[in-house]
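Worksheet: the structure to be examined is printed underneath.
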Amino acid sequence: MVNDKVKSKVIGINIDVNSTTIAVVDLRGTILAQDVISTKDYPNVNNFIEVLSERVITLAENNGGYENIRSVGMCAPSANYLTGCIENAANIPWKGIVPLAAMLRDSIGLAVALGNDAHVTALGESAYGIAHGMNNFIVVTLVGSGLGSCFFSNGVAHLGYDGFAGEFGHTCVVDGGRLCTCGRRGCLEEYVSYRGIIQTARDLMEASEASSSMRQLPELTVEAIAACADQGDAMAKEVWTRTGEILGRSVANYTSVINPEAVVLTGELVVYLDKMWEPMEKAFKDNVFGNIRDKVKIVLSTIDDHERNVLGASALAWKVKEYSLFK
């Protein structure tokens, strides 16, 4: 007998500092419909949940009916899958411990799972991306604000004791180095992020009187530094060399501990990898444990950057135990 009660769609939600994207996603990872609301317009989380619930229900009803939605997955900064809470997020207005998964579940009557961007990105890569079929891999997300990471071990995302495993961006790479937004010094993301790359350019210009087209820029941005490098500027090229070296060495250390089949690189900064690939690859090979050096692939994600987090959130939704107030 055909079971006509099997639900074929989930909702994926990506919450970032400025906007929240809601998507209806089917079993194959196809985004059927999307909606966007402004996160920053709702400094009160209760108001945010109220509006989010309305948009989720409306989007579902307009795309096959609410009764066909199995569950909801959410991605948010500083989210903890094990608790379902946003915990002390620095860049969104809801401070402290926010039980976001429970709040949305109680509002819409469906199962809700919550994870951070690194966790859901890894799930998305496993379900729909280049890591599909791999049981042991690392995902490193290179975004403008820093680095996220999650790794799969024996087919399961490793979250750690309290759910905070994979804070690759907050590993110390320079003793007593640059002050990080987390309050410590020398964190990787202060060297491999938009602000880190810009600071490296400033450091190089301050340390040398050599000519550079970067000195004439009206605004020092990552895009402008990349353009200078493309035009042959030696100092701009050195910015990318140093960034690649520190990233490659850090990935080598990570890889030596985990012994993955592959390291998947994804995120906004991937578009600039061509400028730092050679120094990154060399630093990786020079520093990774010899027995695995030629067995680990460094690959780029094939998932569209604009769809990465909602697809990852949808993969998270399929993993949560089904629940509904309407059964």
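Give me the 1.4 Å probe accessible area per residue for the range 55-99, excluding ligands and nucleic acids, in Å².
Computed with neighbouring chains in place, this is 42 Å² per residue.
Could you state the angle between the C-alpha long axis of helix 45-61 and the longest principal axis of the C-alpha atoms of the chain, as a value from 0 to 90 degrees rounded to the nearest 10?
Approximately 70 degrees, to the nearest ten.
Please work out the C-alpha center-to-center distance from the range 48-121 to the range 252-327 and express it in whole Å.
First find each Cα centre; the distance between them is then 24 Å.
Taking 0.36 nm per residue of separation and subtracting the Cα-Cα distance, what length does fully extending Ala165 through Arg215 add?
Here the segment from Ala165 to Arg215 would lengthen by 14.0 nm.
Pick from Leu247, Leu142, Leu82 the residue whose mean-square fluctuation is largest in a GNM of the chain, springs joining Cα atoms under 10 Å.
Among Leu247, Leu142, Leu82, the largest GNM mean-square fluctuation belongs to Leu82.
Using a 1.4 angstrom probe with every protein chain in place, what is the largest-first accessible-area order of Lys7, Lys237, Lys282, Lys321?
So, going from the largest accessible area down, we get Lys321, Lys282, Lys237, Lys7.
In deg cm²/dmol and to the nearest 500, what is the mean residue ellipticity at 222 nm of the chain if only DSSP H runs of at least 4 residues count, each as -39500 (n - 2.57), divided by the residue total?
-11000 deg cm²/dmol
For Trp277 and Asn88 in the same chain, what is the full-extension length gain: residue separation times 0.36 nm, less their Cα-Cα distance, in nm?
Value of the extension gain: 64.6 nm.
Pairs of Cα atoms under 8 Å, at least six residues apart: use those to get the relative contact order of the range 123-235, whole percent.
Contact order relative to length: 16 percent.
What is the set of long-range amide H partners of Ala33 at a cut-off below 5 Å, with H atoms built 1.01 Å from backbone N?
Close amide H contacts, sequence-distant or interchain: Val24.
Size of the dipole of the chain about the Cα centre, Lys and Arg at +1 and Asp and Glu at -1 on the beta carbon, nothing else charged, in debye to 20?
Computed about the Cα centre, the dipole is about 760 debye.
In nm², what is the average projected area of the convex hull enclosing the Cα atoms of the chain?
It is 18.7 nm².
Among the aspartates and glutamates, which have Cα under 13 Å from the Cα of Lys95 when same-chain residues fewer than 8 positions away are ignored?
Straight-line reach from Lys95, under 13 Å: Glu87.
Between Asp304 and Glu268, with labels modelled 7 Å along Cα→Cβ, what's the label distance in nm to one decimal, could you check?
Each label point is offset 7 Å from its Cα along the Cβ direction, giving 1.9 nm.
Lys and Arg at +1, Asp and Glu at -1: add these up for the other residues within a Cβ distance under 12 Å of Asp26 and post the number.
+4
At a probe size of 1.4 Å, how large is the accessible area of Phe164, to the nearest 10 Å²?
Per-residue accessible area (Phe164): approximately 90 Å².
Arrange the peptides 219-225, 104-110 so that the one whose residues have, on average, the most other Cβ atoms within 10 Å appears first.
104-110, 219-225
How many nm separate the modelled label positions at Lys285 and Ile97, each set 7 Å beyond the Cα in the direction of the Cβ?
For the pair Lys285/Ile97, the computed spacing is 4.9 nm.
Pairing the Cα long axis of helix 273-287 with the longest principal axis of the chain, what angle in degrees results, from 0 to 90 and rounded to the nearest 10?
For 273-287 against the chain, the angle is about 80 degrees.
Using the heavy atoms of the protein chains and a 1.4 angstrom probe, tell me the accessible area per residue for the range 174-327 in square angstrom.
52 Å²
Once both axes come from the Cα atoms, what is the angle between helix 308-319 and the longest principal axis of the chain, in degrees from 0 to 90, rounded to 10?
40 degrees
For the chain, calculate the relative contact order in percent as a whole number, restricting contacts to Cα pairs under 8 Å that are 6 or more residues apart.
21 percent
Select from Trp318, Asn253, Pro218 the residue farthest towards the positive end of the dipole of the range 178-327; place +1 on Cβ of Lys and Arg, -1 on Cβ of Asp and Glu, and compute about the Cα centre.
In the range 178-327, that residue is Trp318.
Multiplying the sequence separation of Lys7 and Lys319 by 0.36 nm and subtracting their Cα-Cα distance, what value in nm do you get?
Result for the pair: 111.0 nm of gain on full extension.
With the full set of protein chains in place, find how many percent of the accessible area of the range 1-150 is carbon and sulfur; take the probe as 1.4 Å.
47 percent
Taking all protein chains as present, what is the carbon and sulfur share of the accessible area of the range 203-301, in % to the nearest whole number, probe 1.4 Å?
It is 46 percent, rounded to a whole number.
The values are calculated or read from the model by the stated rules, or taken from the named source; none is laboratory data. None of the values given here were measured: they were computed from a predicted structure. Note that we place each Cβ from the backbone using ideal geometry, even for glycine, and neighbour counts take in every protein chain shown. Only protein heavy atoms, including side chains, enter the accessible area calculation; ligands, DNA and RNA are left aside. Shrake-Rupley method; radii C 1.70, N 1.55, O 1.52, S 1.80 Å.
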